[in-house]
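All remarks here apply to the structure that follows.
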């Protein structure tokens, strides 16, 4: 087979060392892990790390690698860590906010060391393209005392992954491989290396755990020596990575200008210098933003009179460089966040602007004029707000919630595509913080607004009315961090309704399985029913509804709201996008709907209250109409139309 006829998963396992292929950064990391003879891979899916996770899931059985979609990032970290303690090479992967969930184990276990190489892949999301913040995971690594490597290209992503395992084993220490949205999703040529025999033969590897209380039991007596040992180890690593193939000096040695560029910022620095036509700048390409190799810094500083640290987000490298320079008695200007913004991702414009300012030259184009002209472009192409997909079961659930609870209720929600319920006309989301927070916020609001159990009822005489609180959370998110939140609400006798939106996939990050599906990459999972979990935790009311039946969903939610205590309603219907995608692959058709013009009164309930993007308004005829190319046949519009003007039409794709 030719490379251009292969699937990515085939290429990742292609036994063609020396062959050049085009790979996404995340796919290159997967290949690097396989070339490193990884044995265990565990992850919770999260953009921008998802392609790595899904690729490992697709190839794991054939490669003899144990792979799991862990319930959350802390469990992924602990699964990989214990495999490493058993002598196996292991990797845990997550997005940046996932490291917050894993942080307890991450920070507590860092001094305990590893046996088999252990690599923690963390994908950051500068500019928050699909995240609730843009935290810089390098700060975590520096805080914890974990060396960080950051690739500047897909080729380097593959090679660096393999190097990370080797570095981890050399120093018996964790290693963090940090990417960003751009480096994870960039495509580039990658030269394949040799695959180990275990991977080629699909041979599972098994470890052996040696009991070491002084290392693996973190009671104070054993844990105290870890911190000084950790500090000493970091300095040894700092010296060792001076010779790492990802760190190097470029440009004239006698230049008075020097630029330090870690990770993908190196590519932006090269582009900026090329655009400015400057080849007289000394450049330090840094693949190890922590710890910065001091010996290499010493060589880099020799002869320079001014320095720019070009990096995204936090001044992690800048601070290390400035502290070292001060201690060395070097009094030269070191620029960083005074030239490079501390928020949002690096861009060509930002790099060119910062480098031009640093060199005291003009930018090649007038970016201000570009901004002035951009207004005209916006007038031609107005922004298009996101929306729940046509046929999305969450729309029906939100519609029923809003109808049953009224707009006066408070609606905490969670991380997932259902967060789009905040948009009109649904307007059924009032807060989003982090995974699992919807239930915790709902409980806290009940305490703050309604008081302790029974207090609200006793207070009727003072004019206060009970506030209705309805939390919404997805199925995967519920298993991720909703379980302890539900236990807390039940334990503390909260009075809230929790609607769990069960679409039978982890939809937002690419349709990965979760405990509610029972599917695993190895086909050996056990399905866990959310309603049984809710009953087991002691919820006062538990029901399951099909959101495609809006009237029944409304009735059940209305009943749940009348119950004193914690009510749980599981709204279960497969993700419409997933369902339609599968149907298209199989060549199947589905029913679509259309509007009977003679029956439509133009009440606009379907557009102003329901809001499916397949339903359009004809301003001339003053009637609703349905784009049947977009209709996925859920029938929700037909159910809510008070004049029976929407009916099945057959067809579909």
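For the chain, the longest principal axis of the C-alpha atoms and the axis of helix 73-85 are separated by about 40°. Between residue 166 and residue 256, the C-beta separation translates, for a Förster distance of 51 Å, into a calculated FRET efficiency of about 0.85.
Can you give the angle from 0 to 90° between the axis of helix 550-561 and the longest principal axis of the chain, with both taken from C-alpha atoms, to the nearest 10? Helix 550-561 and the main axis of the chain meet at about 80 degrees. Here segment 102-137 and segment 594-635 have alpha carbon centers that stand 47 Å from each other.
Shape verdict for the chain, please, from the Cα gyration tensor: rounded (a/c under 1.5), prolate (a/b greater than b/c) or oblate. Verdict is prolate for the chain.
Note on residue 15/residue 206: beta-carbon distance plugged into 1/(1 + (r/R0)^6) with R0 of 25 Å gives a FRET efficiency of 0.60. For segment 3-240, rounded, prolate or oblate, judged on the Cα gyration tensor with a ≥ b ≥ c (square roots of eigenvalues), a/c < 1.5 rounded, else prolate if a/b > b/c? Judged from the Cα gyration tensor, segment 3-240 comes out prolate (a/c at least 1.5, a/b above b/c).
Take the Cα of residue 236, step 7 Å toward its Cβ, do the same at residue 581, and the gap between the two points is 4.6 nm. Using a cutoff of 8 angstrom between alpha carbon atoms and counting only pairs six or more residues apart, the relative contact order for segment 59-163 works out to 23 percent.
Axis angle, to the nearest 10 degrees, between helix 367-380 and the longest C-alpha principal axis of the chain: 20 degrees. Taking 0.36 nm per residue of sequence separation and removing the Cα-Cα distance, the residue 540/residue 403 pair yields an extension gain of 47.1 nm. For the peptides 280-288, 117-125, 13-21, 46-54, the ranking by packing is 117-125, 46-54, 280-288, 13-21, with the highest mean count of neighbouring Cβ atoms within 10 Å listed first. Of the beta bridges in the chain, as assigned by DSSP with both residues counted there, near 25 percent are antiparallel. Per-residue packing, averaged as other Cβ atoms within 10 Å, sorts the ranges 513-522, 396-405, 231-240, 363-372 into the order 396-405, 513-522, 231-240, 363-372, beginning with the highest.
A Förster radius of 51 Å combined with the Cβ-Cβ distance from residue 627 to residue 331 puts the calculated FRET efficiency at roughly 0.15.
Calculated mean residue ellipticity at 222 nm for the chain: -11000 deg cm²/dmol, from DSSP H runs with n ≥ 4 weighted as -39500 (n - 2.57), summed, divided by the residue count and rounded to 500. Please say if segment 260-307 is rounded, prolate or oblate, where rounded means a/c under 1.5 for a ≥ b ≥ c the square roots of the C-alpha gyration tensor eigenvalues, and otherwise the choice is prolate for a/b larger than b/c and oblate otherwise? It comes out oblate by the Cα gyration axes.
Over segment 3-240, what is the mean sequence separation of C-alpha contacts under 8 Å (at least six apart), divided by residue count, expressed as relative contact order in percent? Value for segment 3-240: 28 percent. How many angstrom lie between the C-alpha centres of segment 564-591 and segment 243-319? Using only Cα atoms to place each centre, the spacing works out to 51 Å. From most to least packed by mean Cβ count within 10 Å, the peptides 152-158, 465-471, 533-539, 36-42 give 36-42, 152-158, 465-471, 533-539. Report the paramagnetic label zone for residue 324: residues of segment 141-165 whose backbone N is under 17 Å from a point 7 Å from Cα along the Cα-to-Cβ axis. Hits in segment 141-165 for residue 324 at 17 Å: 142-143, 145-150.
Each of residue 104 and residue 596 was given a label point 7 Å from its Cα along the Cα-to-Cβ line. The distance between the two points is 5.8 nm.
Each value in this text was obtained by applying a stated rule to the coordinates, not by laboratory testing. Being a predicted model, the structure only gives us computed values, none of them experimental. Cβ atoms come from the backbone with ideal geometry, glycine included; neighbour counts cover every protein chain shown.
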